[in-house]
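Have a look at the structure below, then the notes.
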Amino acid sequence: MNTINSKNSLVLIIDVQEKLVKMLNDKTVAENAQKIAKAANILEIPTIITEQYPKGLGSTIEEIKEAISNVKYFEKTNFSVLKEENFEDILKKEKKNQIILFGIETHICVLQTAFDLLNKGYEVFVVQDACGSRNEDNKQAALRRLIHAGVQIVTTEMVIFELLEGSKNPKFKEVQAIIK
């Protein structure tokens with residue numbers, strides 16, 4: 001297992017959309033998603049945001065849209081974004097092997113996307129405290145399956161501090177302020 005490397009990472013935010021966020025019992029999911037989005041923006045980590053049928057589920061929440069400026073949006077109807085036409089081409093153009101993955105719902109879109117990423121040879125890091133499901137049992141079952149498959153389960157702070165590598169990073173103070 002490897003630590004997350006900022007030069008080899010891409011952030012993939014799955015369906016943190018208005019109606020989906022409202023159905024979650026755990027409101028820290030959106031807060032943690034925003035923290036990672038802010039850190040990725042400051043550290044210039046490529047980021048892709050997916051939206052599952054935005055006409056019905058709404059768009060990505062404003063807190064994330066405002067947190068990140070250089071982002072690619074990708075609308076989807078498949079649960080795994082890798083089953084969407086052209087998505088894999090977009091991913092390959094970034095030339096990153098480590099995917100930092102989180103969003104809604106853990107047991108559906110995050111799980112299926114993670115499995116497809118693994119099958120394509122990517123190293124996958126699922127951020128458990130930035131993932132949510134309507135039902136906690138479904139989330140926990142998904143996390144167990146992901147671990148069994150070889151996905152690395154991490155937390156928001158683990159991701160941010162691994163991307164920074166150390167306090168000598170010139171953007172350390174700016175990123176650290178996100179956590180406080």
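The values are calculated or read from the model by the stated rules, or taken from the named source; none is laboratory data. Predicted model only: the values in this text are computed from it and were never measured. Cβ coordinates were reconstructed from backbone atoms using ideal geometry, including for glycine residues, and neighbour counts include every protein chain displayed. Ligands, DNA and RNA are stripped out before the accessible areas are found, and what is left, the full protein with its side chains, is counted by its heavy atoms. Shrake-Rupley method; radii C 1.70, N 1.55, O 1.52, S 1.80 Å.
A few notes on this one:
- Assuming charge only on the beta carbon of Lys and Arg (+1) and of Asp and Glu (-1), the dipole of segment 1-73 about its Cα centre is about 100 debye to the nearest 20.
- Hydrodynamic radius of segment 1-93 per Kirkwood, over alpha carbon pairs, in Å: 13.9
- Distance between the pseudo-spin-label points of R145 and K7 (7 Å out from Cα toward the beta carbon): 3.6 nm.
- Per-residue ³J(HN,Hα) for segment 140-149, Karplus 6.51 cos²θ - 1.76 cosθ + 1.60, θ = phi - 60°, Hz, x for Gly and Pro: 5, 5, 5, 4, 5, 4, 4, 4, 4, 7
- Share antiparallel - DSSP beta bridges, the chain, percent rounded to 5: 5
- Taking a ≥ b ≥ c as the square roots of the eigenvalues of the alpha carbon gyration tensor, segment 95-180 is oblate, as a/c is not under 1.5 and a/b does not beat b/c.
- Check: the chain dipole with +1 on Lys, Arg Cβ and -1 on Asp, Glu Cβ, in debye: 240
- Length-normalised contact order for the chain - Cα pairs under 8 Å, 6+ apart - percent: 27
- Longest DSSP-loop-exposure-free segment, GluC sites (Glu not before Pro), the chain, at most 13 other Cβ within 10 Å: 86-164
- E84-N97 pseudo-label distance in nm [points 7 Å out on the Cα-to-Cβ vector]: 2.6
- FRET E, pair E62, D26, Förster distance 22 Å, beta-carbon r, rounded to 0.05: 0.70
- Per residue value of the accessible surface for segment 61-169 (all protein chains in place, 1.4 Å probe), Å²: 50
- Computed over protein heavy atoms with a 1.4 Å probe, the carbon and sulfur contribution to the accessible area of the chain reaches 47%.
- Charge-dipole axis of segment 32-152 as Lys and Arg at +1 and Asp and Glu at -1 on Cβ define it, positive-most pick from Y73, G103, L117: L117
- Taking 0.36 nm per residue of sequence separation and removing the Cα-Cα distance, the F74/N138 pair yields an extension gain of 20.5 nm.
- Each part reduced to its alpha carbon centroid, segment 17-83 and segment 143-180 end up 17 Å apart.
- Between Y53 and E18, the distance separating the two model label sites (each 7 Å from Cα on the Cα→Cβ line) works out to 1.7 nm.
- For the chain, the square roots a ≥ b ≥ c of the C-alpha gyration tensor eigenvalues yield an a/c under 1.5, which makes the shape rounded.
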